[in-house]
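S.K.: My questions will all concern the structure given below.
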Amino acid sequence: MVREVKWTKYLWMSLLSFGAFMLEYLSIFVIEVVFLHVDIQNYTTHQRSIHCIIMVFMWAFFIGALLLFSRKQYHFPVRGNKRDIISLKNWIVTFACFIGCKIITFIDWHTLKIIGEAQGKTVFQFCIQYLYYIL
């Protein structure tokens, strides 16, 4: 039996998720200014990497807390019918959007974005940047 979930629960979860984006401002204007004495206008490459590491830990903590909260408070994810599968039409639309995104990015960067971003960076900087992107 699938329980009916009120729309307000989804709204609160989305507002909490949006709040995670505000963590970046907390990091830039409070943590890094007060504790690290770093101004965003004068970041060095090393300080940019430290910023990315701070954000990765803050977002990972927030995502974990949000998942635990949603499971405990709202019993998410709500189990649907196990036979619900993604239709072929939806897979085709998704794939077309993905290809379109890659083409537009190639036009903008004149190369694949991952190759363009790797140029001029150390392996450490590149890995930290992509950890930051993933979370």
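S.K.: May I ask you to list the lysines whose Cα is less than 17 Å away from that of Lys9, ignoring any residue fewer than eight positions away on the same chain?
M.R.: List returned: Lys72.
S.K.: Turning to a different aspect of this structure: At a Förster radius of 35 Å, what calculated FRET efficiency corresponds to the Cβ-Cβ distance of Leu26 and Ile85, to the nearest 0.05? All intermediate terms of the calculation are to be shown ahead of the outcome.
M.R.: On the way: r = 41 Å, r/R0 = 1.16.
For R0 = 35 Å, the calculated efficiency reads 0.30.
S.K.: The stretch 11-43 to the stretch 73-135: how many Å between their Cα centroids?
M.R.: Their Cα centres are 24 Å away from one another.
S.K.: Give me the percent of the accessible area of the stretch 66-135 that comes from carbon and sulfur atoms, probe 1.4 Å, all protein chains in place.
M.R.: Numbers: 4210 of 6090 Å².
Answer for the stretch 66-135 is 69 percent, counting heavy atoms of protein chains only.
S.K.: At a Förster distance of 41 Å, what's the computed FRET efficiency of Thr122 paired with Val93, Cβ-Cβ distance as r, to 0.05? Each step should come with its number before you reach the end.
M.R.: Details: r = 39 Å, r/R0 = 0.94.
With R0 = 41 Å, the Cβ-Cβ based efficiency is 0.60.
S.K.: So, one more: Kindly express, to the nearest 10 degrees and within the range 0 to 90, the angle between helix 123-134's C-alpha long axis and the longest C-alpha principal axis of the chain.
M.R.: Around 30 degrees separate the two axes.
S.K.: Going by alpha carbons, how many degrees (0 to 90, nearest 10) lie between the helix axis of 88-109 and the longest principal axis of the chain?
M.R.: The answer is roughly 10 degrees.
S.K.: Which aspartates and glutamates have a Cα lying under 16 Å from the Cα of Lys6, excluding residues fewer than 8 positions away in the same chain?
M.R.: Straight-distance partners of Lys6: none at all.
S.K.: If you wrap a convex hull around the alpha carbons of the stretch 4-122, what volume per residue comes out, as a whole number of Å³?
M.R.: Working: hull volume 21.5 nm³, N = 119.
It comes to 181 Å³ per residue, whole-number rounded.
S.K.: Can you pull out the trypsin sites (Lys or Arg not before Pro) in the stretch 81-122 that DSSP calls coil and that have at most 15 other Cβ atoms within 10 Å? Numbers along the way, then the final one.
M.R.: Details: sites: Lys82, Arg83, Lys89, Lys102, Lys113, Lys121; in loops: Lys82, Arg83, Lys121.
Filter output for the stretch 81-122: Lys82, Arg83, Lys121.
S.K.: With a cap of 14 neighbouring Cβ atoms within 10 Å, and only residues DSSP puts in a loop, list the trypsin sites (Lys or Arg not before Pro) found in the stretch 12-79. If you can, show how the numbers build up before the last one.
M.R.: On the way: sites: Arg48, Arg71, Lys72, Arg79; in loops: Arg79.
Listed in order of number, the matching sites are Arg79.
S.K.: At 7 Å along Cα-to-Cβ for each site, give me the label-to-label distance between Ile53 and Gln73 in nm.
M.R.: So the label points at Ile53 and Gln73 sit 3.2 nm apart.
S.K.: Let me ask something else. With every protein chain present, what is the per residue accessible area of the chain (1.4 Å probe, Å²)?
M.R.: Values: 10870 Å² over 135 residues.
Here the per-residue accessible area is 81 Å².
The values are calculated or read from the model by the stated rules, or taken from the named source; none is laboratory data. In this text, all values refer to a predicted model and were calculated from it rather than measured experimentally. Cβ: placed from backbone, ideal geometry, glycine included. Neighbour counts: every protein chain shown. We work out accessible area using only protein heavy atoms, side chains counted, and drop any ligands, DNA or RNA first. Shrake-Rupley method; radii C 1.70, N 1.55, O 1.52, S 1.80 Å.
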